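What follows is a short report on a single structure.
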Amino acid sequence: MEIRYLDAHATGWNFKTVILFGFEGESLPETVPALAEEAGWIKDSPALKDFTGKAKETVVLYAPAGSLLRRIIVVGLGKRDRFDLEGLRFSTATAIQRCKALKAESCAVNMENLSRLGEPMSVMAEEIVCAASLSLYSYDEFKTRTEDDDFAIEELTLFSADEDAAREIQAGAERGQAAAKGVIKTRDLGNGPANHVTPTFLARTAQDMGKRYGFKVRVLERKDVLKLGMGAFEAVFKGAQEDPKFIVMEHAPKGTETDRPIVFVGKGITFDTGGISIKPSAKMHEMKCDMCGAGAIFGLFEALGHSDIKRRIVGVMPCTDNMPDGNATRPGDIVRTLSGKTVEIINTDAEGRLILCDALTWAQQEYDTEAVIDLATLTGACVVALGTEVAGVFCDDEALRDQIRDTGKRVGDKFWPLPLWDLYFEPLKSDVSDMMNVGDRMGGASNAAVFLKQFIEENTRWAHLDIAGPADGMKKNPIHMGGASGFAVRTLIEIARNGIEE
Ligand code: BES
Ligand code: ZN
Ligand code: ZN
């Protein structure tokens, strides 16, 4: 979809399909003065009389024969004083889906009556463009094409009669496009089945992106990982036929090469059977999404490739299947992690924390980090606690925790804090090693988080994000058709753009 910006002051409304936002309890001809000139017929349009302006309500108004403007899709934003960006995203997406149903190849969004809502025009444009792209996403890599698939909305124009707004709109729209590309990358990887999205596939994806966008990419192979002494990561990949890959991507634009990087660490379990502690077969197929932590980092880097963000960012992604096998780790096995600490593996299905603990240690040994943020579809317990729409944030650093929650809220990723207190380490104490990988079922999300905390050095600013619920369990909404959601990508982009708050 091509995005354009137009100053309608100079050109008038030369479009076939226009999307107009309407507010509940307000008259459209009054809030959009240009309508009198461009579409005077609208005030007599019978369908408009039924339009109440409630959020996501749409109505299509057809122009009289002979005018270039063929139709106006009016979409409700609800009450003006309750306006928020989530509402703008959902209403935009609903209108765009209506365009698609009407097979409108191009459509134009009137931005004029979005001023004075307390958000800059650039932000509105970013949200509109991003929501429009995401509303059209579906995963059809393995579907036989039908005639319907040949239709696409080719062009989206944002226009305003306010000349100053045009520049802002353009900047925002570019950010929105980059963000959508990132989210879509993560969705594609998460929806991809495990026989295609293997660790080798992910490593190749990283290398391709490195070439395309100029990232530094390193892939540590099985032998490298063994030599380094990542005994916990090894315990997980031992049972797998697919080769593990420890993928590192680095974005370091000129002048930032020696800065302290923000390091993101993502769980890349390409399929989680549970290992010898095997999962029940019902719903096991959902575990192709167990690489969505790593997937979110791929999405971030895709967006970085389409942005102009001057900050050093590193992504660390340990990737492997978790399989049962004659060579797989047994419950009760004890391994030595890269940090030197030993772990008794009570349950081989608690594998995410095993690959992450070595990746966290490696990241802190390798870099003088500004902050470390890990993302993982880590525990079913987190889904029980918060549901499928909300991720847990575990972080003792108040500024960082608030930044993640507040940033997420603006871009549509819902995070809520859960405790990281040392009392959650009690059940992990082992008689025969430094710790066990699981303890009590109760408080499972915090137990997992506190396990990871054992591998964080005193002076490292760190947050752990448990995205097991929203990464692929989110309910459908106008910008998400089901399956992998691309959760957290937009939050990571904002953190990369703005840096970590003091
Ligand atoms: N990948 C799962 C967690 C998960 C559950 C992700 C549901 C997405 C949706 C993880 O590896 C796992 O199996 N965790 C166990 C931990 C338990 C054995 C302590 C769980 O949550 O049951
Ligand atoms: Zn598991
Ligand atoms: Zn898992």
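Select from the range 69-80 the residues that are in a loop (DSSP other than H, G, I, E, B) and within 30 Å of the chain's Cα centre (by Cα) and write down the one among them that is nearest to Lys100 (Cα to Cα).
Checked the range 69-80; the qualifying residue nearest to Lys100 (Cα to Cα) is Leu77.
For the range 288-301, give me each residue that is within 15 Å of ligand 3 (Cβ to nearest atom) and out of contact with any Ser or Thr (no Cβ under 7 Å at 6 or more places or on another chain).
Answer for the range 288-301, where residues must be within 15 Å of ligand 3 (Cβ to nearest atom) and out of contact with any Ser or Thr (no Cβ under 7 Å at 6 or more places or on another chain): Lys288, Ala294.
Based on what the data block shows, is Ala171 buried (at least 24 other Cβ atoms within 10 Å of the Cβ) and at negative phi?
So Ala171 fails the test.
Working carefully through the options Ala294, Ala303, find the one that is under 26 Å from Lys227 (Cβ atoms), in the same structural domain as Trp362 (by TED's automatic domain parsing), under 16 Å from the mean Cα position of the chain (by Cα) and outside any loop (DSSP other than H, G, I, E, B).
Ala294
How many residues, within the range 256-308, are closer than 29 Å to Gln241 by Cα and either small (Gly, Ala, Ser) or within 11 Å of ligand 1 (Cβ to nearest atom) (or both)?
Counting residues in the range 256-308 that are closer than 29 Å to Gln241 by Cα and either small (Gly, Ala, Ser) or within 11 Å of ligand 1 (Cβ to nearest atom) (or both) gives 29.
Here is a list of conditions, (1) outside any strand (DSSP E or B); (2) away from ligand 3 (no atom under 16 Å from the Cβ); (3) among the aliphatic types (A, V, I, L, M), and Val314 meets all of them except one; can you say which number that is?
For Val314, the exception is condition (1).
Here are some conditions: (1) in contact with a strand residue (DSSP E or B) (Cβ under 7 Å, 6 or more places away or on another chain); (2) touching a residue at least 60 places away in the same chain (Cβ under 8 Å); (3) more than 16 Å from ligand 2 (Cβ to nearest atom). Gly275 meets all but one. Which one does it not meet?
Going through the list (1) in contact with a strand residue (DSSP E or B) (Cβ under 7 Å, 6 or more places away or on another chain); (2) touching a residue at least 60 places away in the same chain (Cβ under 8 Å); (3) more than 16 Å from ligand 2 (Cβ to nearest atom), Gly275 breaks only (3).
Can you tell me how many residues within the range 327-354 are more than 10 Å from ligand 1 (Cβ to nearest atom), among the hydrophobic types (A, V, I, L, M, F, W, C) and surrounded by 24 or more Cβ atoms within 10 Å (Cβ to Cβ)?
2
Would you mind finding the one in Val109, Val60, Val18 that is touching a Lys or Arg at 6+ places or on another chain (Cβ under 6 Å) and closer than 30 Å to Lys476 by Cα?
One residue alone meets the criteria, Val60.
If Glu250 meets every condition in (1) more than 22 Å from His464 (Cβ to Cβ); (2) more than 16 Å from ligand 1 (Cβ to nearest atom); (3) not polar (S, T, N, Q) apart from one, which number is that one?
Failed condition: (1).
For (1) under 16 Å from the mean Cα position of the chain (by Cα); (2) of a type outside the set (D, E, K, R); (3) at pLDDT 95 or above, each residue gets a yes or a no:
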residue: Ser133; (1), (2), (3): yes, yes, yes
residue: Asp140; (1), (2), (3): no, no, no
residue: Thr144; (1), (2), (3): no, yes, no
residue: Phe151; (1), (2), (3): no, yes, no
residue: Ala166; (1), (2), (3): no, yes, no
residue: Ile169; (1), (2), (3): no, yes, no
residue: Ala179; (1), (2), (3): yes, yes, yes
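Criterion first (within 12 Å of ligand 3 (Cβ to nearest atom), in the same structural domain as Val489 (by TED's automatic domain parsing) and surrounded by fewer than 18 Cβ atoms within 10 Å (Cβ to Cβ)) does Met284 satisfy it?
Yes.
Restricting attention to helices (runs of 4 or more DSSP H) lying wholly within the range 188-272, give those where 3 or more residues are without any contact (Cβ under 8 Å) to a residue 40 or more places away in the chain and loosely packed, with under 15 Cβ neighbours inside 10 Å.
Correct list: 199-213, 222-228.
The values are calculated or read from the model by the stated rules, or taken from the named source; none is laboratory data. Being a predicted model, the structure only gives us computed values, none of them experimental. When we count neighbours, we look across all protein chains shown, and the Cβ atoms used for this are built from the backbone with ideal geometry, even at glycine.
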